[in-house]
Amino acid sequence: MKPRIKDFMTTDIRKLRWDDTIQKAAEIMVRYRIDGMPVVDDEGMLIGIFTKTHVLRAVGMDGKVVVGALMQSEVITISEDAFPEDALQVRVGRLPVINKNGELVGIITRTDIMGAFKRQLEYAVEQVNAIINSGHNAIIAIDTNARIILMNKSAEKFARVPIDEAIGEFIEDIIPDVNLTTVVHTGVAEPVQKIVIGQTILLINKNPIISRGKIIGAVGIIQDISELENISYELKAVQEINKELHAILDFSPDGFVISDGDGIIIRDNKSSLEMLGIKKESLVGESVDWLIKNGYKEESVIQKVLEKKVPISIIQNLKTGRDIVHTGTPIFNESGNVYRVIANMRDLTELNFLREQLKDAQHLSVKYLNELEQFRKEQLRSDVIFLSAIMEEKIETAIKVAKANSTVLLLGESGVGKEKIAGIVHEASNRTQNSFIKLNCASIPTNLIESELFGYEGEAFTDGNKEGRPGLFEIADRGTLFLDEIAELPFDMQSKLLRVLQEREIYRVGGRKPIKLDVRIISATNRDLEQMVKDGQFRRDLFYRLNVISIWIPPLRERKEDIPPLINHFIGKYNQMYDKNKKLTPQLIERLIYCEWDGNIRELENTIERLVVLSHLDLIDVDFLTKGAHNKSLFKVPTTLNLRDVLVETEKNLILQVYNQCKSTRKAATILGVDQSTVVKKMKKYSQPDS
């Protein structure tokens, strides 16, 4: 507020009454060194002024003359509400100040006026400095010599030099990058320049300072826009995100409708319009009631959300024929009021269609799996040649037990096909992708069977592999191990096999580290294991472990209906092997059916192979069973009942007969199933005159 006279006038004034003597007035002037005093009446109203001039005029007069006789009645005054510049217009050294009632309230001198102006100037400078220093932008001014003449607090922080130290210094020494001196020299303003100092981004406005048409310096206003730049980047990022969100909404297969707290739609997308069958470009600005009034929907999930203030989902069938699930979600403001509702529409029409298709596909899948399982069973059955109901039952049992991991014991005479049944159990199990390892326990020497089954570590044997070797159990891991002729397993090995079945782990020979395994055991024997247990020849606990599931395979003589298909199978097999086209007469087939076949299928197969190899005619008749080449008996009646002699004689006749037919020891060895060296050795033995 602009100051007035009353703000700086002198209120402690020396004044005279009209009836005071001249002598008293002179004494007061001398004592207080003043040139004059106002004169007031009894009521304090200004009526005149008495000065030194009046005192001099009274020289020689009586000292008791009153002031009122000599005073100047016409007095120039000034109102207490006047401004200092008004007082300056009055050329009076001491100017009385009166109030609006005309009462004397003070005196103002030229000294008082100058002091007021000084204080006013100081206050203005103080205000200007406060304004300059309170600004966020840095302000720096230089003179024509490039020395700093002004610098605010923001510039002080920017320059990192105190204002007192910076004033008077060259600008280049304090802030060299500003380059204000160019403006001083050119007199041309350089508005809005962007510069980067370190990590700080600055905007600089540079202008010349002109006084009375002359350049007296330059001023630079520096603004740190690093934060603004960051905000700008963030704003751009937000705009990009919004753009992406709008794109996502527009291209989403789901429909979206967003309303405000009054149910007015503020955002939608293309999918929502397509689902509702609306031809308008947008629903923005419409009330959600509009959709119901125009028949696009029967009820509004947004209305329900606004009423209940909780998420709500409803399923609707639209007039477009679409089934949609409509989900509304409320968004609350800080006051707890719903200010947005996001409604999502998902088209269930295609989903329901796909669900029906999935059901059909699942039904087909079950059907195909059943058919595949049936086909697999038929494939497994095709590996075994049979027609009998009892063999159908045995194979069905084998397929059924294959699904479990239980041990299986196959019982039956030699040659009935126990290995084939073991193969079916493996192929029908979930281990079919892994190994099926077979071991005939009677074919391995007692001293080697442990290392054969369990393997051995390096250095366990003098002549063994130095790196060790895995046994059949390790090779069969996650698969099946078939132990044929299990009854021939040495008694000490039976306890080790029992431990493997119990612990599911083995130790290699010479090893101390257990090896965990997952192996299914199928065993087979043609002996009576129960009797062997009673006789102490087989461990009882091992028998129970092996005999979890047992399958007895009947001998061939008890299922004669299987013999004709077996004959056909073997005839075809050996015709192909030896490039023949042999056939059997019905009479011969009937004769073969009624044979006892103590060797079962193996004996029948060997007989068919001999007939194919040795017969001269393509059609083999019954006579060929008793007549062979050159009218010699194929199956001679033995001349002795000594078993050893009978075996030797039979072996001799068979080897010589096959050799005479083939004329080659290699072919004879192939037919007989032995090594060529064995045939050569036996031929040499039986060709001696004394044999």
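All of the numbers you see were taken from the coordinates with simple rules; none came from a lab. Only a predicted model underlies this, so the values are computations on that prediction, with no experimental measurement involved. Positions of Cβ are backbone-derived with ideal geometry, glycine not excepted, and every protein chain shown enters the neighbour counts.
Once every Cα of the range 65-154 carries one equal point scatterer and solvent is ignored, give the base-10 log of I(q)/I(0) from the Debye formula at q = 0.11, 0.12, 0.13, 0.21 Å⁻¹, two decimals.
-0.56, -0.61, -0.66, -1.02
Can you tell me how the chain classifies by the Cα gyration tensor, rounded, prolate or oblate, using a/c under 1.5 as the rounded cut?
Prolate.
Tell me which lysines have Cα within less than 28 Å of K582's Cα, excluding those fewer than 8 residues away on the same chain?
K420, K560, K573, K627, K632, K636, K652, K663, K667
If I fit a long axis through the Cα atoms of helix 676-686 and take the longest principal axis of the Cα atoms of the chain, what angle between them do I get, 0 to 90°, rounded to 10?
Computed tilt is about 10 degrees.
Once you sort the root eigenvalues of the Cα gyration tensor of the range 241-347 as a ≥ b ≥ c, which label holds: rounded (a/c under 1.5), prolate (a/b larger than b/c) or oblate (the other case)? Present the calculation step by step, with values, prior to reporting the outcome.
Numbers: a/c = 1.58, a/b = 1.18, b/c = 1.34.
Taking the square roots of the gyration eigenvalues as a ≥ b ≥ c, the range 241-347 is oblate.
Given Cα positions, please report Rg to Rh for the range 284-370, the hydrodynamic radius being the Kirkwood one.
1.20
Read phi for every residue in the range 657-674 and hand back ³J(HN,Hα) as whole Hz from Karplus 6.51 cos²θ - 1.76 cosθ + 1.60, θ = phi - 60°, with x for Gly and Pro.
5, 5, 5, 5, 6, 8, 6, 7, 5, 5, 5, 4, 5, 5, 5, 7, x, 10
For the chain, what does the helix formula give at 222 nm: sum of -39500 (n - 2.57) over DSSP H segments with n ≥ 4, over the residue count, nearest 500 deg cm²/dmol?
Taking each H run of at least 4 residues, the total per residue is -12500 deg cm²/dmol.
What dipole magnitude, in Debye to the nearest 20, does the range 143-246 give about its Cα centre under +1 on Lys/Arg Cβ and -1 on Asp/Glu Cβ?
Charge dipole, the range 143-246, about its Cα centre: 420 debye, nearest 20.
What is the magnitude of the charge dipole of the chain about its Cα centre, with +1 placed on the Cβ of each Lys and Arg, -1 on the Cβ of each Asp and Glu, and no other charges, expressed in debye to the nearest 20?
Its charge dipole is roughly 1860 debye.
Relative contact order, percent, of the chain when contacts are C-alpha pairs under 8 Å separated by at least 6 residues?
Over the chain, the number comes to 6 percent.
To test your reading of the geometry: what angle, between 0 and 90 degrees and rounded to tens, separates the Cα axis of helix 226-251 from the longest principal axis of the chain?
The angle comes out at about 50 degrees.
If the cut-off is a Cα-Cα distance under 22 Å, which lysines reach K157, setting aside same-chain residues fewer than 8 apart in sequence?
Those lysines meeting the cut-off are K194, K206.
Please list, or write none, the lysines whose alpha carbon is within less than 28 Å of the alpha carbon of K293, excluding same-chain residues fewer than 8 places away.
K270, K279, K280, K304, K308, K309, K319
For the range 383-554, just say rounded, prolate or oblate: build the C-alpha gyration tensor, square-root its eigenvalues into a ≥ b ≥ c, call rounded for a/c under 1.5, and beyond that prolate if a/b exceeds b/c, oblate if not.
Because a/c hits 1.5 or more and a/b exceeds b/c, the range 383-554 counts as prolate.
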